[in-house]
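The values are calculated or read from the model by the stated rules, or taken from the named source; none is laboratory data. This one's a predicted model, so the numbers in the text were calculated from it and none came from an experiment. Virtual Cβ from ideal backbone geometry, glycine too; neighbours counted across all protein chains shown. Note: areas computed on protein heavy atoms with side chains; ligands, DNA, RNA excluded. Shrake-Rupley method; radii C 1.70, N 1.55, O 1.52, S 1.80 Å.
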Amino acid sequence: MAFDFQRLQAALGMSVKLTLTCGVFQGVLHHINPSCDLLLLHTVELLDEPDSQKRTAVLYECTSAVENKGADAGTVHGSLGCSPCASLEKELRALNSLNMNSFPGKEEEEKVEYTVIDCFQEKFGPAVLHLKQQDVISVVGEGVNLCPHGKLSWLQIATKSHVFLFDIFLLGPQAFRNGLQAVLEDKNILKVMHDCRWISDCLFHQYSVLLDNVFDTQVADVLQFSVATGGFFPHRTCTLQECLMQHLRIPSKWKTLMKCKQQMALENPDTWFLRPLPASLLQVLALKAMCLLLLHSSLMDNFMADLTAVVHAYLNTSQNRSEDHLGSMEPNCTELPKELRQLADIQKLRREKAVKEYRINEDGLLIRPVVELNDRNPQKDETL
């Protein structure tokens, strides 16, 4: 028979015994989703393993940050046959088969170094100390419905030299009390994020974390679009994947991996609560955090482009004009130079070009097309 959700929900915090096609497990049940296609046990004991080749990573021994509810011990049996968990086993095998080596290219371009932190011994303290010494970090959260009532599973934080994957599902709120909150609230550390609203909401209401000094790449992308089109705004924002394709020349295999990850998470939102998480998905978590730092650098370069051009014009004026011409100007003159007035002409040309290349909706916003994998970067093409 298949698992009964109400019956299992009543058994949360109790000792249960599960009979799967890959073996018989006993432990404390502490998570189940309504479709019954994901069960997580606390302190699991493998009682029987009929066929070692069929063993999966659905259940494993771990110490969860979720406290035992202290309920009386009970037993719940379930034989699977063609149950939802069987499909989860198939998905896990597919996830484990998706590795970076399946994509062509140089090895150094395929792998991102990262450290998984799922306990407070050894790695946690040094990681937090390293983060506190940074000027810029990227922060990404993964989970289900990240909002005041959602569930945060992973917090990825990247620096210029390393990527840390904090397993919040196992570490629990103590991870923030032990140092992550201080990092996220530090006014001297710039946190690069993409659409910080949801993760900020979750961190504040569930962990009392007040994010500060954030560079949001979604906001920056919209502002860059406005500059590139002479003052127009797009009718929609871009996802992180779209922004990466717009502004970065990252290997297509990385884009493919992130797109595959998004599809898997969409089909099964509880994917991020699987333990152990397949190495291919850990690699994607690290990739996402690392690419955010690269995106920040690219966007900052774009913002500086007009400034650099005008300064270059200033230098040309001083170096190429005659001494008599320079001598006729007062050193403290505050009149707007013609080099700066030319920015208005450039903006006008950009606006005229944007009107020809984009459709405009009834609100006066440019209709921004969806960016597909391997699309060219129209935004950069139209920058004058």
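Here are the numbers for this structure:
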read-out: Heavy-atom accessible area ranking, 1.4 Å probe, most first, across Glu142, Glu362; value: Glu362, Glu142
read-out: Computed accessible area, Cys147, all protein chains, 1.4 angstrom probe, square angstrom; value: 20 Å²
read-out: Asp135-Asp363 FRET efficiency (beta carbon distance; Förster radius 51 Å; 0.05 resolution); value: 0.85
read-out: Accessible surface, 1.4 Å probe, highest first, among residues Glu185, Glu113, Glu242; value: Glu113, Glu185, Glu242
read-out: Two-site label geometry, Asn188 and His312: point separation in nm, points 7 Å out along Cα→Cβ; value: 3.6 nm
read-out: Accessible-area ranking of Arg249, Arg197, Arg236, largest first, probe 1.4 Å; value: Arg249, Arg197, Arg236
read-out: Local electrostatic count, Cys238, Cβ distance below 11 Å [Lys/Arg +1, Asp/Glu -1]; value: -1
read-out: Simple label model, 7 Å out from Cα along Cβ direction - Val222 to Lys353, nm; value: 2.4 nm
read-out: Spin-label model distance (nm) - Lys123 vs Thr237, 7 Å beyond Cα toward Cβ; value: 3.1 nm
read-out: Zone of Asp212's modelled label, taken as backbone nitrogen in the range 162-195 under 12 Å from a point 7 Å along Cα→Cβ; value: 182-190
read-out: Cut-off under 5 Å, modelled amide H: who pairs with Val192 long-range; value: Ile137, Ser138, Val139, Phe215
